[in-house]
Amino acid sequence: MSLSDYRTAVVTGASSGIGAAVAAGLARRGLRVHAAARRKDRLEALARETGCVVHPMDVRDTAALYREFDGRIVDVVVNNAGLGKGFAALHTVAPEDIDTSVDTNVRAVYHLLRAVLPGMVERRRGHVVNIGSMAGLYALQSSVYGGTKAAVHMLSRNLRLELEGTGVRVTEICPGRVNTEFYDVAIDDPRQRSRIKDSGVRELQPEDVAAAVFYALDAPWHVNVNSIELQPVEQIYGGSRFTPVR
Ligand SMILES: NC(=O)c1ccc[n+]([C@@H]2O[C@H](COP(=O)([O-])OP(=O)(O)OC[C@H]3O[C@@H](n4cnc5c(N)ncnc54)[C@H](OP(=O)(O)O)[C@@H]3O)[C@@H](O)[C@H]2O)c1
């Protein structure tokens, strides 16, 4: 089982950035792609370009998620919809941003998986791709966003154990900074945003992340690509730096 054997996919957050690149790439490879996001006009433009099926919806609306996807036969589910609302120190974030981030980045992921996994297990065919983040693996002073992505990390690890013997594969993709609308949504203050966006770091492109997704989907059936970390060459994560005393 590899990408060429998969027939159908659900991609959340397909109206921009990584999700749009993944949805377009899967459609080009011949899959029937169900593309979900709130911005209907963007989804319809994607549909005209790629032939994907549009699901204009808010993934935080749990009833809508089950209405659209419960029992639907899908081979691939890409949990990509997400945002960085509250990408600041916890003691300064707007309380509603905590709910928005947890509901979008975590709660919706659980419910979409709950909707499609029983069918995957029954058919012994399926691939879960969760878009995590380097922020879920390394501390970046973003306890709200990082906390939600750390939840996606442990969800992915636990799922692989729960699904052992079912043939369903689980992959987590952890990008560093990607050139998308992410920071426009995450950071309201234009000066703070431009400190990040205009720092001169050559960011990953959405297609770079999509290529990592396709690599995992394309692996031979006996291979589960557990996790991929990818980051701009000019942006290194992890550890702490100090100037050694000479
Ligand atoms: N960009 C980065 O630096 C970076 C790094 C690591 C991980 N990531 C992760 O990558 C994923 C994709 O983000 P991106 O970088 O491609 O940013 P993006 O361009 O802002 O895309 C985010 C997508 O999520 C959708 N979305 C957000 N809230 C939603 C909701 N309530 N219901 C339905 N869809 C919703 C948006 O669609 P609508 O607004 O139309 O609903 C959009 O399609 C996210 O999970 C993000 O955390 C991004």
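Each reported figure results from applying straightforward, stated rules to the coordinates on display, with no laboratory input. All of these numbers come straight from a predicted model, not from anything done at the bench. Every residue, glycine among them, receives a Cβ derived from its backbone with ideal geometry; neighbour counts consider all protein chains shown.
Quick notes on this structure:
- Segment 207-225 - residue that is among the aliphatic types (A, V, I, L, M) and part of a loop (DSSP other than H, G, I, E, B) and, of those, surrounded by the fewest Cβ atoms within 10 Å (Cβ to Cβ): 223
- Which numbered condition residue 148 fails, given (1) in a helix (DSSP H, G or I); (2) surrounded by fewer than 22 Cβ atoms within 10 Å (Cβ to Cβ); (3) among the hydroxyl-bearing types (Ser, Thr, Tyr); (4) within 10 Å of the ligand (Cβ to nearest atom): (2)
- The residues of segment 132-145 that are out of contact with any strand residue (DSSP E or B) (no Cβ under 8 Å at 6 or more places or on another chain) and either near the ligand (Cβ under 8 Å from one of its atoms) or among the β-branched types (Val, Ile, Thr) (or both), listed by number, are 135, 144, 145.
- Close pairs (6 angstrom Cβ cut-off, 6 or more residues apart or separate chains): farther than 13 Å from residue 176 by Cα in segment 207-221, of a type in the set (S, T, N, Q) and not in a helix (DSSP H, G or I) anywhere: 216/171; 218/2
- Of all the numbered requirements in (1) more than 21 Å from residue 93 (Cβ to Cβ); (2) within 13 Å of the ligand (Cβ to nearest atom); (3) in a loop (DSSP other than H, G, I, E, B), residue 164 misses one, and that requirement is (2).
- Being within 26 Å of residue 230 (Cα to Cα) and away from the ligand (no atom under 15 Å from the Cβ) holds for only one residue in 170, 116, 93, and it is 170.
- Residue count for segment 186-206 satisfying the condition of being touching a residue at least 24 places away in the same chain (Cβ under 8 Å), surrounded by fewer than 17 Cβ atoms within 10 Å (Cβ to Cβ) and within 11 Å of the ligand (Cβ to nearest atom): 2.
- The residues on offer are 24, 14, and the sole one that is in contact with a strand residue (DSSP E or B) (Cβ under 6 Å, 6 or more places away or on another chain), within 22 Å of residue 215 (Cα to Cα) and either away from the ligand (no atom under 11 Å from the Cβ) or not in a helix (DSSP H, G or I) (or both) is 14.
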